[in-house]
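Scroll down for the structure; my scribbles are underneath it.
The values are calculated or read from the model by the stated rules, or taken from the named source; none is laboratory data. Predicted model, so just to flag it, every value in this text is computed and none were measured. We place every Cβ from the backbone using ideal geometry, glycine too, and count neighbours over all the protein chains shown.
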C-alpha cells in the first residue's frame, strides 16, 4: 500500500425526505443562492417547488439547462452569475453533470480569466464558493468528491478538473428521487458506479485489502440491486443501496494507496467529447473490450480474483478460463440492464478514432498504467467496440 | 436501510513518515500545544524526540501517563492544563486510550464543572479544542471518530461519551510505529477492530449491503493480517492493512443506517470498569460466548452469512451447522492470536457480575437490541466466560 491522504469532509444526509435539512445546512452561509439544475425534470417531479418553499427568505438566482457532459460555456454562465449576484452558496440539484458544473462555477467565481483555463490547469482552482448538492441520479459519485468533468465542444475535449476546495460541503441523497428515472439512466448510473470500482480494482496492489474489498462490494451491490431497480423502479432498498454504493465507489476509499491512471474513463471521455453519449453507456461498451485487451499473464491474479469474488465463479478451474468467464459475465450483466454493447448501436463510427486515441493517451497518461496503452492499443480497443 | 447522516471530516495521513506533515497541520492553530501521551513508549521508540524536533517553535505543555482505560481524573488534569495554558490544539500521541482522553480534555477546557459530568451527559460537550492524533496502536478507531470511553474508578463506571466537535481534525497513521508493539497489544487491537465490525454486522438489516460488506472486509482483513503481524512484527503490509481496516471499522461506515446497541462492548465496559483489563482482550473473551448465546432462529441468516462470507464455510450444509462452525472458527482464531479465552485466565471471578449485569443493561440499553438481553442473560454470558 502506498502512502496516502484521505480527506473527505462532505456531510451526507441520506434517506427519504432528507431535503428538509436544507435550511439548516444553508444557514451556515449567506442569503444569495445559485440554484443549478438541468433540463427541468426537477420541475416535473415537484422537487423544484419543494426546494423553493424550503428556501423561503433566500434570494435564489437560477442557472438552469446544465446539459449532460456539461459544456464549459454553461459553466462560464454560472460563474458569471456567481460574480454578478454575489452568490454565497451554490445549490446543485441533479445528477453528476449538474454537480460537476456547479463545482467549477464556484471556482470560476474567484477567477477573472476564461473558465476553460481552470479545466486545462486545475491548479488555478483555489477558493470555491461552498457547494451543496441534492442528488437525483446516482452513479458519478460527484456528490462526495472533488472532481468535475467538463466538455469543450469547440475543441472536442472532455477533461477532468478539481481542487482541494471543490468538495461539496454537504450532499442530500434521497433514493426516492431516483424512482422516476428513465430505465436507461438507472442502467447508466449503475454502470458508472461499477466502472469506478473496476478502474481502481485493476490497479493491482495485492496489499490494499480494504480498498479492493470495497471495490468488490460496490460491484456486487450494483450486480444485486441494479436489476431490482430496473424491474421495480420504486423499490426503496434497491435505490438506496445503489445510491450509497455509488457514493462510496468514488469518494476516495476504493482508490487510496493505489496510484495509476484510469484507462476506461480516459477513452470514454474522448467518445463523449466528440459525440452526445451518456457517460455510463460509453463505459459499459468499453469495459468488456478493455478487459479482454488487458488480459495478460501479469494481470491474471486480478482477473481470477474478479471472477471468483465478484461473479462467484468456481475457483477450481484454470486461471484463464476463470478470466474469460468473468468477462463474459460482465457483458451478460450489462446486456441484462438493456445497455447498448457496441458503438454502432449508439451511432458512433470510426471517423474520429485516431484523434481520440491520441488525446486519450495524452490526457489519461495511459502509457503509465500497470498495463500501458499506446495510441495503437486504444485504436484497437475502439475498433473492437464497433 | 434507515435514514442516516455520515459526517466524518478527519484528515487521514497514512503511511511511513507521515509524521513530517505535523507542522503543516498544526500551523492551522495557535502555538500552544498540549502533548498527550501514555506510559512513555513513545520516548523509548524515539517518536517523542521526532515530534519535539518537528514542533520547534511551538510551546509544548505535556500531559503524560494517560493510562489504558483512561481515568476521569487524568482527563480532568488535561482539561485543567488546557485552561491554565491557553492551549490551541491537542496533540494526542498513542493508542485509543490517549486519543479518547484527549478528546474529552479538549471538551473539558470549555466546561467549568467536573469532567465526569461530560461523560455522564454527553450533551454537555459543545466546543472542543482541535485534536490531532498520531496513532501508535490500531484497534479502537478513535483516530477517526467522535467517541471516547472514560473510566471512573471510584464509581466503577466505564462509559462512552462524545460530541459533534469531538472528531479529530487530523490523524497520522504510520504502520511502522506498530512494529514494536508487544504481541498481546497487536492481538488486542486486532480483536477490537474485529469486534467493531461484528457488533454492526449482527444488527441485522438485510438491506445495508455496503455496510455489511465493509464489516466483512474488516473481519477478513483482521483474519488475514493479524497472524502475519504477530509472526513477522515488521511486515509493513500486514501492519498497514490492519491499521486501515481498524480505522474503517469504526469511522461510521459499518454502522450507518443500522441502528441498535452494541451488546459486547456494553458488557466489556463493565469488566474493565471493575478490573484492569485490556479492552480488546475482554472483547475476545466475550464475543464467542455472546455469539453462542444469541444463536436463535431469528438471527440464523446473519450467522450463516457470517460463516460463509467471513470464514469461508461451505454453504451447502444446514444453517445451524454453519453457525456453530462459525463460532468455533472465531474461537480458534482468537486462540491462534494467543488471546486469553476465559475470564479466569485474566484473574476475574464472579464477585461483581450482578452489579456488572445491571449496569450493562442500563448503560448499554441491551433490552432494546434485536435480540434483547436482560440482567439474567448478561449474568449467564459472564458466567460462561469463566
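At-a-glance table
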quantity	calculated
Qualifying residue in region B:157-173 (condition: over 22 Å from residue B:135 (Cα atoms) and outside the structural domain of residue B:72 (by TED's automatic domain parsing))	no
Which numbered condition residue B:312 misses (of (1) surrounded by fewer than 21 Cβ atoms within 10 Å (Cβ to Cβ); (2) touching a helix residue (DSSP H, G or I) at 6+ places or on another chain (Cβ under 8 Å))	(2)
Any hit, region A:189-206, residues being within 10 Å of another protein chain (Cβ to nearest Cβ), more than 22 Å from residue A:281 (Cβ to Cβ), out of contact with any strand residue (DSSP E or B) (no Cβ under 9 Å at 6 or more places or on another chain) and at pLDDT below 95	yes
Scan of region A:210-227 for residues that are in contact (Cβ under 8 Å) with a residue 40 or more places away in the chain, within 18 Å of residue A:287 (Cβ to Cβ) and buried (at least 23 other Cβ atoms within 10 Å of the Cβ), ordered by number	A:212, A:219, A:226
Residue within region A:146-162 that is in a helix (DSSP H, G or I) and either over 30 Å from residue A:352 (Cα atoms) or in contact with a helix residue (DSSP H, G or I) (Cβ under 8 Å, 6 or more places away or on another chain) (or both) present	no
Per-region count, region A:237-283, residues surrounded by 24 or more Cβ atoms within 10 Å (Cβ to Cβ), within 14 Å of another protein chain (Cβ to nearest Cβ) and assigned to a helix (DSSP H, G or I)	12
Boolean, residue B:341 is closer than 20 Å to residue B:266 by Cα, in contact with a strand residue (DSSP E or B) (Cβ under 8 Å, 6 or more places away or on another chain) and either surrounded by fewer than 20 Cβ atoms within 10 Å (Cβ to Cβ) or not assigned by TED's automatic domain parsing to the domain that holds residue B:201 (or both)	no
Boolean, residue A:341 is closer than 14 Å to residue A:290 by Cβ, part of a loop (DSSP other than H, G, I, E, B) and modelled with pLDDT under 95	no
Residue within region A:361-370 that is in contact (Cβ under 8 Å) with a residue 60 or more places away in the chain and either touching a strand residue (DSSP E or B) at 6+ places or on another chain (Cβ under 8 Å) or farther than 21 Å from residue A:203 by Cα (or both) present	yes
Some residue of region A:15-30 being farther than 30 Å from residue A:277 by Cα, over 26 Å from the mean Cα position of the chain (by Cα), away from every other protein chain (no Cβ under 14 Å) and assigned to a helix (DSSP H, G or I)	yes
Among (1) free of Cβ contacts under 8 Å to residues at least 60 places away in the same chain; (2) assigned to a helix (DSSP H, G or I), the one test that residue B:350 misses	(2)
